[in-house]
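A.B. asks: Quick one: the structure is below, and I'll ask about it shortly.
The values are calculated or read from the model by the stated rules, or taken from the named source; none is laboratory data. All of these numbers come straight from a predicted model, not from anything done at the bench. Glycine gets a Cβ as well: all are built from the backbone with ideal geometry, and neighbour counts include every protein chain shown. Areas reflect the complete protein model, heavy atoms only, side chains present, ligands, DNA and RNA absent. Shrake-Rupley method; radii C 1.70, N 1.55, O 1.52, S 1.80 Å.
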Number of protein chains: 2
Amino acid sequence: MSSFAFTVLHRDTSSRARLSRFTTPHGTVEMPAFMPVGTQATVKGVRLDDLRSVGAQMILSNTYHLALRPGETVVRDLGGLHGFMRWDGPILTDSGGFQLFSLAAMNKVDEQGAVFRSHLDGSLVALSPERAVEIQEALGSDVAMVLDHVVALPGERERILDAAERTLRWAQRARDAAKRPDQAQFAIVQGGLDEGLRVGNAEALAKLDFPGYAIGGLSVGETPDEMYRVLDFTAPALPDDKPRYLMGVGKPVDLLEAIARGVDLFDCVLPTRNGRNALAFTDAGPLRLRNEKFQRDECPLEADCPCPACRYSRGYLRHLFQVGEMLGPMLLSLHNLAYYQRLLAGAREAIAEDRFDAYRRAKLAGWATTNNDAAEPQINTNEIG
Amino acid sequence: MSSFAFTVLHRDTSSRARLSRFTTPHGTVEMPAFMPVGTQATVKGVRLDDLRSVGAQMILSNTYHLALRPGETVVRDLGGLHGFMRWDGPILTDSGGFQLFSLAAMNKVDEQGAVFRSHLDGSLVALSPERAVEIQEALGSDVAMVLDHVVALPGERERILDAAERTLRWAQRARDAAKRPDQAQFAIVQGGLDEGLRVGNAEALAKLDFPGYAIGGLSVGETPDEMYRVLDFTAPALPDDKPRYLMGVGKPVDLLEAIARGVDLFDCVLPTRNGRNALAFTDAGPLRLRNEKFQRDECPLEADCPCPACRYSRGYLRHLFQVGEMLGPMLLSLHNLAYYQRLLAGAREAIAEDRFDAYRRAKLAGWATTNNDAAEPQINTNEIG
């Protein structure tokens, strides 16, 4: 594991936020960091050079989808995920656990693993901790997630405990199956909303000394306050000297609340999915570009944004969506990714200067600005692609 | 009209091809030139910086579509077409004549103009030579086409003559209505496949001394050989000291055959529309990327192509189309536009060196290479967007 390292560079005195650096075989990641989602080995509608130019350091891709299409051996034969999609920076792949939960038409989980029907053609596919390792080793990502057992919230304590304990046993099996020294495994904490279950699961996983830890099973039906409360007790239970990754989250506010609680890494489809649906994130809250009031609006989405979309007027961007032109989704996806990257860059700067809490409060105040478009994004966060 | 100039720089000794330069208020165009089509003020799936990087000099946009959505006054209020879509190079707008013919659900043409039902909502819209000028002046394109009357081929001689004569009268009305000194009007020759009608119409229009001339009413049902024959007698009937524009054409072979007959300017949706449908143009003929044989193909589309798509393997590009990712259409559209621009740049170089006929023959030989993918593109050329 000598290609990997994690260093906490500074601890914010106004919160539990931390500034850190994660080193991988494909480069370093300054954290807190946000990973754009490239489900099918492409971040939807965005070219890689643009992704780099807006500040993305590391991306996520999905094991479940790539194993189904084109198949992990095709990706391996075409240079692994880095060569296949031509992204030379760090890549994290998930394990497929969340997709079993959210996408598969049927899934049956026992101790051995899961059997599910493909959401594409209904064929039966098996996924086990070992198989998830095998697929991700063929993909060649820098960080591979262990297979976890996700359950819906709210749920019975017994069921949540059972899934958390299985996730722990599966983590050990994933560890035993791993062969690539150039790939780091992150374990995933489960345990629902229950403090005892979460902390117990986190401490048991911590003993296995993984190079990184994720908090899974959130954004699956709970309220934001419930999620923040889980982070309050789960993040401190994880090793201080390892990166902490909150999977599939979230809205801009969620990122700042999680960073304040000690989380270092995020992924979410919100910026791209909302972009494709004509919603642009700004410091004054989201803009819904289909709104007629933007028809002759000469302003860019956001005055100080350097992204390619902000070279255009809101009126032009609205036109693209009204007439169904691809350039609309392309530009708004890029704007939203740039927004997220700028939000995280600002967070890192604020942490370095011990003013993260003020930064968080200032952003929240801006997003609460009363305007007709400042409604919550209506799209669920923790979904794929 | 002092912002406009046209200079023939060199005449190929091996054909009737000419190398020329067309100056507009937004820059010069080295001809023969190909204009990517930006029907709704965007070249589908392509960013403008990419369009420039592959060598596009001038683009075409569609009066009919923009007048319907967002309306030409919206475009005008947002900086005219150049400011609206942020293309600072030359722009040509068509007149809507071809769309009346091809798209409108109903159209009724009389001497005054045309009344048609919008293909969007069925509402009645009127277009006349004067109205086409008014719209294009609001759009602010560098070159505005006069409204012409297009008829289907084959057609009765009487009907074709009537349309050609109406097109001539409408050209004079368009001339009389024009007010913008920074916009050049090109007239359009009609006359079907009939030599007498075409030459007569060309000579009559030539007397009106427009700054440029288009050959319209082709790619509407005739064979390639019929089209080439029309060019054989129509191009020489047009003024030698004005640019000659073949509207809505076409396949790579059509461009070279037309250049050999003295045509200087082209537009067509083929490169982008085929790109969206997984067909890539190459010197060895078209590749259909959905073909399974490309699944593990590590080669780029074309070895010597500098376009962004050719940084990827055919296997990856195929994957994008198989899973329905936007990046596939984005990259193949760009590759095909790059292919067309390189084809035209090669043509200009060959003309300068008096070897255009050899260039044309060498390209034709390459395209005729026997391979499974070298079938004709199956998509009609002369359609919109």
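A.B. asks: Under DSSP H, which helices of chain B have Cα atoms covering 20 Å or more of the helix axis and a Kyte-Doolittle average no less than -1.0?
C.D. replies: Both cut-offs are met by B:327-352.
A.B. asks: Give me the log10 of I(q) over I(0) for segment A:222-292 at q = 0.15 Å⁻¹, as the Debye formula computes it from C-alpha points; what are the numbers?
C.D. replies: Values returned for q = 0.15 Å⁻¹ are -0.57.
A.B. asks: Whole angstrom only: what separates the Cα centroid of segment B:344-366 from the Cα centroid of segment A:192-244?
C.D. replies: Value for the Cα centre distance between the two parts: 66 Å.
A.B. asks: Based on the alpha carbon coordinates of chain B, what radius of gyration and maximum Cα-Cα distance (Dmax) apply, in Å?
C.D. replies: Rg, Dmax (Cα atoms, Å): 20.1, 61.
A.B. asks: How shielded is B:307-313 by partner chains, expressed as the average number of their Cβ atoms within 10 Å of its Cβ atoms?
C.D. replies: 3
A.B. asks: Give the relative contact order (percent, whole number) for chain B; include only Cα pairs under 8 Å separated by 6+ residues.
C.D. replies: It rounds to 18 percent for chain B.
A.B. asks: Next question. Taking the Cα centre of the protein assembly as shown as the origin, how large is its charge dipole in debye, to the nearest 20, when only Lys and Arg (+1) and Asp and Glu (-1) carry charge on their Cβ atoms?
C.D. replies: Taking the Cα centre of the protein assembly as shown as origin, the dipole is about 100 debye.
A.B. asks: Take the Cβ-Cβ distance between A:Arg11 and B:Thr73 as r, set R0 to 60 Å, and report the resulting FRET efficiency rounded to the nearest 0.05.
C.D. replies: Efficiency for this residue pair is about 0.55.
A.B. asks: Normalised by the number of residues in segment B:129-217, what is the relative contact order in percent for Cα pairs under 8 Å and 6+ residues apart?
C.D. replies: So the answer I get is 33 percent.
A.B. asks: Of the heavy-atom accessible surface of segment B:83-167 (probe 1.4 angstrom), what whole percent is carbon and sulfur?
C.D. replies: That share works out to 52 percent.
A.B. asks: How shielded is A:42-49 by partner chains, expressed as the average number of their Cβ atoms within 10 Å of its Cβ atoms?
C.D. replies: 5
A.B. asks: For the B and A pair, go ahead and give the buried accessible area with a 1.4 Å probe, both sides summed, in Å² to 100.
C.D. replies: Approximately 3700 Å², summed over both chains.
A.B. asks: If you split all Cα-Cα distances of segment B:222-363 into 10 Å bins from zero, what percentages do you get per bin, shortest first?
C.D. replies: 11, 37, 29, 17, 5, 0
A.B. asks: Which of the peptides B:279-286, A:212-219 is most tightly packed, and how do the rest follow, judged by the mean count of other Cβ atoms within 10 Å per residue?
C.D. replies: A:212-219, B:279-286
A.B. asks: Where only protein heavy atoms count, and the probe is 1.4 Å, what is the accessible area per residue for the protein assembly as shown in Å²?
C.D. replies: On a per-residue basis, 35 Å².
A.B. asks: From the label point of B:Gly324, set 7 Å along Cα to the beta carbon, how far off in nm is each other copy's matching point, shortest first?
C.D. replies: Result for B:Gly324, in nm, nearest copy first: 1.5.
A.B. asks: Please report the accessible area of B:Leu255 (heavy atoms, 1.4 Å probe, ligands and nucleic acids excluded) in Å², nearest 10.
C.D. replies: 0
A.B. asks: Considering chain A, which cysteines have no disulfide-compatible partner, defined as another cysteine with its Cβ under 4.7 Å away?
C.D. replies: A:Cys268, A:Cys299, A:Cys307 - these cysteines have no disulfide-compatible partner (Cβ-Cβ under 4.7 Å) in chain A.
A.B. asks: Over the residues of segment A:50-97, compute the C-alpha Rg and express it relative to 2.2 N^0.38 Å.
C.D. replies: Its radius of gyration relative to the 2.2 N^0.38 Å reference: 1.18.
A.B. asks: Based on Cβ point charges of +1 for Lys and Arg and -1 for Asp and Glu, what charge dipole magnitude is obtained for chain B about its Cα centre, in debye rounded to the nearest 20?
C.D. replies: Charge dipole of chain B: 660 debye, to the nearest 20.
A.B. asks: Here's another thing I want to ask about it. Once label points are set 7 Å from the Cα along Cα→Cβ at both B:Asp121 and B:Lys207, what is their separation, rounded to one decimal in nm?
C.D. replies: 4.5
A.B. asks: To the nearest 500 deg cm²/dmol, what mean residue ellipticity at 222 nm is calculated for the protein assembly as shown from DSSP H runs of n ≥ 4 alone, each contributing -39,500 (n - 2.57), summed and divided by the residues?
C.D. replies: -11500 deg cm²/dmol, from helical runs alone.
A.B. asks: Just to confirm the numbers: A:Thr7, label point 7 angstrom along the Cα-Cβ line, distances to the other copies in nm, shortest first?
C.D. replies: Between copies, matching label points for A:Thr7 lie 6.1 nm apart.
A.B. asks: Moving on to the next point. Any idea what the A:Cys299 label distances to the other copies are, label 7 Å down the Cα→Cβ vector, nm, shortest first?
C.D. replies: Those separations, rounded to one decimal, come out as 5.3 nm.
A.B. asks: In peptide A:326-337, what is the residue-averaged number of other protein chain Cβ atoms found within 10 Å of each Cβ?
C.D. replies: Neighbouring Cβ atoms belonging to other protein chains average 3 per residue here.
A.B. asks: Once Lys and Arg get +1 and Asp and Glu get -1 on their Cβ, which of B:Thr23, B:Tyr339, B:Thr223 lies farthest toward the positive end of the dipole of the protein assembly as shown?
C.D. replies: Toward the positive end, the furthest listed residue is B:Thr23.
A.B. asks: While we're here: About its Cα centre, how strong a charge dipole does segment B:25-106 have in debye, to the nearest 20, once Lys and Arg get +1 and Asp and Glu get -1 at the Cβ?
C.D. replies: The calculated dipole for segment B:25-106 is roughly 180 debye.
A.B. asks: When only Cα pairs under 8 Å and 6 or more residues apart are kept, what is the percent relative contact order across segment B:266-365?
C.D. replies: This gives 29 percent for segment B:266-365.
A.B. asks: How big is the C-alpha Rg of the protein assembly as shown next to the rule-of-thumb value 2.2 N^0.38 Å, as a ratio?
C.D. replies: Here the Cα radius of gyration is 1.08 times the empirical estimate.
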